[in-house]
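The values are calculated or read from the model by the stated rules, or taken from the named source; none is laboratory data. Here the structure is a predicted model, which means the values were calculated and not measured. Please note: Cβ atoms are built from the backbone with ideal geometry, for glycine as well, and neighbour counts cover all protein chains shown. Quick note on the areas: whole protein, heavy atoms, side chains included, nothing else; ligands and nucleic acids left out. Shrake-Rupley method; radii C 1.70, N 1.55, O 1.52, S 1.80 Å.
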Amino acid sequence: MAKLNNNYLKLKAGYLFPEIGRRVKSFSDNNPENAENLIKCGIGDVTEPLPLAARNAMKSAVDELGNHDTFRGYGPEQGYDFLRTAIANGDYRDNGILVKDDEIFVSDGSKCDTGNILDIFGNGNKIAITDPVYPVYVDTNVMAGNTGEANESGAYEGIHYMPCNAENGFVPEIPQDRVDLIYLCYPNNPTGATATREQLEKWVSYAREHGAVILYDAAYQAFIQDQSVPRSIYEIDGARECAIEFRSFSKNGGFTGVRCAFTVVPKELMAEDENGEKHSLHPLWSRRQSTKFNSVSYPVQKAAEALYSDDGKNQVKSLITHYMENAQKLRSTCSEIGLSVYGGQNAPYVWVACPDSIDSWGMFDKMLNEANVVITPGAGFGKAGEGFFRISAFNSKSNVDTVCERLKATL
Ligand SMILES: *Cc1c(COP(=O)(O)O)cnc(C)c1O
C-alpha cells in the first residue's frame, strides 16, 4: 500500500477556527433571535472593497487578454518585471533600502510562501517560533518533519518556543542556545506588537553570529503609524546576509481574495550544505518556484502594480486609515472599561488582557453570549496567549461602534 507522510499524523486537528465556528453555530442555533445581531471580530480578513486603481488595472488587463495582439499565456515564474520593479522601488529603494528587482519573488500569498520556504532548508534545523504565533509557521514545520510529537498542551517537541508577554513587550528574548531558523512577524498577528530598531538589531546580530536565518513576516507593515518603527528587516544593517522577508497585498490592498504577495531573498543570504560548504539561497528559491509554481495571473499582477500608482497609494492609505480608526476606538473603549490593552497602534489587531479570573475561552463565551460579538481567544495562538483575547479592527465603522457599545455594556 502507498505510504503517507507520517508527519501529517502529528498535526493537531486545526483547533482554533473550527472550534470558534462550532461555538458560534451552537449559539446561533440556540438563539436564532440574536444570531443576526452577531458581529464577527474574529478572523483576520479584510472587509472593505478592493481599491478602484486595482479594479481598473485588472479590468484593462482582462481586456488585453481578450485580444489576439495583447494576449499572454504563461508569464515568468518569478513574476512579471513590471511588478518586481514596482515593488523594489515602491517598498524598498524609494525608502533608501537596497533590494534588487530580481530579489523579489511574486507569489499568490505569504501564507504559501512562509510554508513553502522550508523546501529549500535541510533537515535538522532548530526552529525558533514565538508564542503566541500565526499557526502556519508551526504546522508547516510539523509537515516538513522538523518536529516531534505534540504534548497535551499542543506544543511540539523540537520547536524552540519563545514566549511573548506584556513583560517583554511581546518581542521575544534572544535565545541562549543555538537556533537556525527564526520566525518573526512584526507588526505582529495576533498581538499587534511592533519590534523596535534596537530589538531587530539584536536579532540580526544574533543571526549573523550563529549563521541563522530570520524569516521575517511583514504582512502588516502598511499599518505602521510610528515613523521610528522599521517596516522592513532590511532597514537593519547586515539583514541582507541573514533574512528573508515576506510581504503580502492581502491586508494593505484588501487582496485576501485576489491573492498576491511576494518574498525577498537577497543574493548575499547563505546557508551551508551537509559538508559545511556555503551556498546562496537565492538560486535555490528561484529554482523551487520555477519548478513548483507558475506565478500569479496577469490581471492580478497588474492590479498589484496599480497599488503603487499615485491613486493606488492614496486608496491604500484610506483603507489603512479606516482600519486604524477602528483599532483606536477599540483600544480606547477597552481602556475605558479598565482592561489592559496592547497592540492596535501600528497594527489592525487589539490584544486585550482578560479580566481577572476568566480565561480566554471563557472570555470568548462571555462575549458571544452576552455581547453577541465574536473575538479570538488568545490560547488558540499558543500557550502564552492564554489570558488574552484578540479583537480584529477589520470591520465596518458602524460594526466597530456597535462592538464598542456592547463592550461597555457587557464588561
Ligand atoms: C494575513 C497574514 C499573511 C498574509 O497571507 P496571504 O497568504 O498573503 O493572504 C501573512 N502573515 C500573517 C501573519 C498574516 O496574518
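Compute, for residue 242, the solvent-accessible surface of its heavy atoms (probe 1.4 Å) with the complete set of protein chains present, and express it in square angstrom to the nearest 10.
0
Quick one: if you stick a label point 7 Å off each Cα along the C-beta vector at residue 9 and residue 357, how many nm between them?
Reported label-point gap for residue 9 and residue 357 is 4.6 nm.
As a test, work out the antiparallel percent of DSSP beta bridges whose residues both lie in the chain, rounded to the nearest 5. Write down the numbers at each step before the final one.
Numbers: 22 of 41 bridges.
Taking every DSSP beta bridge within the chain, about 55 percent pair in antiparallel fashion.
Quick check on segment 1-80: take the gyration tensor over C-alpha atoms, sort the square-rooted eigenvalues as a ≥ b ≥ c, and tell me if it's rounded (a/c under 1.5), prolate or oblate.
On the way: a/c = 3.55, a/b = 1.42, b/c = 2.49.
Oblate is the answer for segment 1-80, as a/c is 1.5 or above yet b/c matches or exceeds a/b.
Taking all protein chains together and a probe of 1.4 Å, list 47, 194, 147 from the most accessible to the least accessible.
47, 194, 147
Between residue 38 and residues 5 or more places away or on another chain, which pairs have amide H atoms under 5 Å apart, with H built 1.01 Å from N, and which residues are they?
none
Counting other Cβ atoms within 10 Å of each Cβ, which chymotrypsin sites (Phe, Trp or Tyr not before Pro) in segment 33-107 have at most 15 and sit in a DSSP loop? Don't skip to the end; give the middle numbers.
Numbers: sites: 71, 74, 80, 82, 92, 105; in loops: 71, 74, 80.
For chymotrypsin sites (Phe, Trp or Tyr not before Pro) across segment 33-107 that sit outside H, G, I, E and B with at most 15 neighbouring Cβ atoms in 10 Å, the list reads 71, 74.
For segment 103-184, which trypsin sites (Lys or Arg not before Pro) are in a loop by DSSP, counting at most 15 other Cβ atoms within 10 Å? Working shown, then result.
Working: sites: 111, 126, 178; in loops: 126, 178.
Hits after loop and neighbour filter: 178.
Which one of 224, 183, 80 is farthest out on the positive end of the charge dipole of the chain, using unit charges on Cβ (Lys, Arg +1; Asp, Glu -1) and the Cα centre as origin?
Checked the options; the winner is 80.
Once Lys and Arg get +1 and Asp and Glu get -1 on their Cβ, which of 304, 132, 148 lies farthest toward the positive end of the dipole of segment 55-310?
My answer, from the dipole projection, is 304.
Around residue 162, which amide H atoms from residues at least 5 apart in sequence, or from another chain, sit under 5 Å from its own amide H, with H modelled in the peptide plane?
For residue 162, the qualifying residues are 129, 130, 131.
Count the net charge of all other residues whose Cβ sits under 13 Å from the Cβ of residue 174, scoring Lys and Arg as +1 and Asp and Glu as -1. Show your work: numbers first, answer last.
Details: positive: 178, 202, 208; negative: 173, 177, 198, 201, 209.
Value of the local net charge: -2.
Give the calculated FRET efficiency between residue 290 and residue 332 to the nearest 0.05, with a Förster radius of 56 Å applied to their Cβ-Cβ distance.
0.65
Would you mind calculating the relative contact order of the chain from Cα pairs under 8 angstrom and at least 6 residues apart, reporting the percent as a whole number?
That works out to 23 percent.
At 0.36 nm per residue, and after removing the present C-alpha to C-alpha distance, how many nm does the segment from residue 208 to residue 272 gain when stretched out fully? It would help to have the intermediate numbers written out before the result.
Details: separation 64, 0.36 × 64 = 23.04 nm, distance 1.34 nm.
Separation in residues times 0.36 nm, less the Cα-Cα distance, equals 21.7 nm.
With a 1.4 Å probe and every protein chain kept in, tell me what percent of the accessible surface of the chain is carbon plus sulfur.
Carbon and sulfur together cover 48 percent of it.
With every protein chain left in place and a probe of 1.4 Å, what is the accessible surface of residue 311, to the nearest 10 Å²?
Roughly 100 Å² of residue 311 is accessible to a 1.4 Å probe.
What does the net charge come to around residue 354 if you take all other residues with beta carbon closer than 13 Å to its beta carbon, with K and R at +1 and D and E at -1?
Taking every other residue near residue 354 into account, the sum is -2.
First measure r as the distance between the Cβ atoms of residue 325 and residue 409, then evaluate 1/(1 + (r/R0)^6) with R0 = 35 Å and state the FRET efficiency to the nearest 0.05. Working shown, then result.
Working: r = 22 Å, r/R0 = 0.62.
After rounding to 0.05, the efficiency reads 0.95.
If a/c stays under 1.5 just call it rounded; otherwise compare a/b with b/c (prolate if a/b is bigger, oblate if not). Do that for segment 212-298, with a ≥ b ≥ c from the square roots of the Cα gyration tensor eigenvalues.
On the way: a/c = 3.39, a/b = 1.26, b/c = 2.68.
Since a/c reaches 1.5 but b/c is at least a/b, the shape of segment 212-298 is classed as oblate.
So if I place +1 on the C-beta of Lys and Arg and -1 on the C-beta of Asp and Glu, and nothing else carries charge, what would the dipole magnitude of the chain be about its Cα centre? I want it in debye, nearest 20. Walk me through the numbers before you get to the answer.
On the way: 40 positive and 54 negative charges, 134 e Å.
Result for the chain is approximately 640 debye, rounded to the nearest 20.
Binning every alpha carbon pair distance of the chain at 10 Å from zero, what are the percents per bin?
5, 21, 31, 27, 14, 3, 0
Which one, 348, 98, 372, projects farthest toward the positive side of the charge dipole computed for the chain from Cβ point charges (K/R +1, D/E -1)?
372
Rounded to the nearest whole Å², what accessible area per residue is found for the chain with the 1.4 Å probe?
Values: 18270 Å² over 411 residues.
Roughly 44 Å² per residue, with all protein chains present.
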